[in-house]
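What follows is a short report on a single structure.
The values are calculated or read from the model by the stated rules, or taken from the named source; none is laboratory data. The structure displayed is predicted, hence computed values, not measured ones. Neighbour counts are summed over all protein chains in view; Cβ atoms, including those assigned to glycine, are modelled from backbone coordinates with ideal geometry.
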Amino acid sequence: MKNLLNIRDLSVDEISEIIKTAKNMETGNFELIPEKAAVLMFCENSTRTRLSFEMAAKNLGMKVLNFDSAKSSFSKGESLKSTIENLYYIGANIVILRHCENDLLEKTVEKINNPIKFINAGAGSYSHPSQALLDYYTMLEHLKALKGKKITIIGDIEHSRVARSNIELLSKFEADVHVCAPEYFKPSDLQKLPATYDKSLSKSIEKADVVMCLRIQKERLNGQAIDVADYIKDYQLTTEKVEKYAPNAIIMHPGPVNYDVEMSEELIESEKGKTILEQVRNGVYVRMAILKILLKEA
Ligand code: CP
């Protein structure tokens, strides 16, 4: 594994190695790498991913530099490529980048001629690989293996990088992946996705092993008007719907959660809702594993 840019590039063995290493991180079985330095380069807002990578790097004894996009020399016309070349000479070994553009990171990586490593911490509506890996780790804690398990992702699939990375990963492990959304959030690349689409929530979550809800990605709607009350009526996941159609399902959400929109507050605050914070805790172990594996030979 040279960089972590998307799930598509990873083999089943590489994903399994990340999961195994994350388990060692959780049990405290790891060596520190204090000679390594990470740059957190978040050009789009984040709470979980940024702080989780910061905690992961600090748990490994690493030096952490916080790049402030708004106060950086981007405003003076400096390119991402030039910025990264300079970061390498400042002493950075790895750049953890979030950006609103789908392919900026992949295009930039191709142009860099030094050994700095890259992690995609969320690229547009295209990919969010560390989120899919921590979601997989959390599912495995509950289900042991995912082959043949019904996993339904509900909500704004069209604009969701989390959905795309999860679908790519879950299909590698032969899970039965379903996506559920109103027409206006139905993914335009549905034909390319190894997932079954259903407009009906009850049908899509029926007997599911995992149900994952997504936030409406308002920042990517480009003026598209959504009737939120209508969305809530048909697509909000509630305790009642879970009990009726998917009583054994694990309930997940990548965060941030908009209470009483994609999920009812009652469900979030219930025993079932606790998995959402398990995902956040597991994110630190999984990100420690990603850093450790990528920096092994750096
Ligand atoms: N799940 C996720 O990416 O959350 P943040 O946007 O807060 O990082």
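Details
- Some residue of segment 60-68 being surrounded by 18 or more Cβ atoms within 10 Å (Cβ to Cβ), touching a helix residue (DSSP H, G or I) at 6+ places or on another chain (Cβ under 8 Å) and under 17 Å from residue 134 (Cβ atoms): yes
- Candidates 211, 284, 280, filtered to the one that is away from the ligand (no atom under 14 Å from the Cβ), within 29 Å of residue 123 (Cα to Cα) and within 16 Å of the chain's Cα centre (by Cα): 211
- Residue 210 at pLDDT 95 or above, touching a strand residue (DSSP E or B) at 6+ places or on another chain (Cβ under 6 Å) and among the β-branched types (Val, Ile, Thr): yes
- If you go through segment 124-157 and keep only what is of a type in the set (D, E, K, R), over 13 Å from the mean Cα position of the chain (by Cα) and buried (at least 24 other Cβ atoms within 10 Å of the Cβ), you end up with just 156.
- Applying the condition of being surrounded by 14 or more Cβ atoms within 10 Å (Cβ to Cβ) and among the polar types (S, T, N, Q) to segment 179-226 and asking which residue is farthest from residue 259 (Cα to Cα) yields 196.
- Test: residue in segment 179-199 that is within 23 Å of residue 274 (Cβ to Cβ) and either assigned to a loop (DSSP other than H, G, I, E, B) or among the hydroxyl-bearing types (Ser, Thr, Tyr) (or both): no
- Selection of helices (runs of 4 or more DSSP H) fully inside segment 220-298 by the criterion of at least 2 residues being modelled with pLDDT of 95 or more and touching a strand residue (DSSP E or B) at 6+ places or on another chain (Cβ under 7 Å) returns 265-269, 275-295.
- Test: residue in segment 230-248 that is at negative phi, without any contact (Cβ under 8 Å) to a residue 40 or more places away in the chain and hydrophobic (A, V, I, L, M, F, W, C): yes
- Number of the exception - residue 258 against (1) under 27 Å from residue 99 (Cβ atoms); (2) over 18 Å from the mean Cα position of the chain (by Cα); (3) surrounded by 12 or more Cβ atoms within 10 Å (Cβ to Cβ): (2)
- Segment 261-294, subset among the acidic types (Asp, Glu), in contact (Cβ under 8 Å) with a residue 24 or more places away in the chain and farther than 30 Å from residue 14 by Cα, residue surrounded by the fewest Cβ atoms within 10 Å (Cβ to Cβ): 266
- Among residues of segment 169-178 being assigned to a helix (DSSP H, G or I) and surrounded by 21 or more Cβ atoms within 10 Å (Cβ to Cβ), the one that is nearest to the ligand (Cβ to nearest atom) is 169.
- Residues that are under 30 Å from residue 90 (Cβ atoms), away from the ligand (no atom under 16 Å from the Cβ) and not basic (Lys, Arg) within segment 113-160 comprise 113, 114, 115, 116, 118, listed in sequence order.
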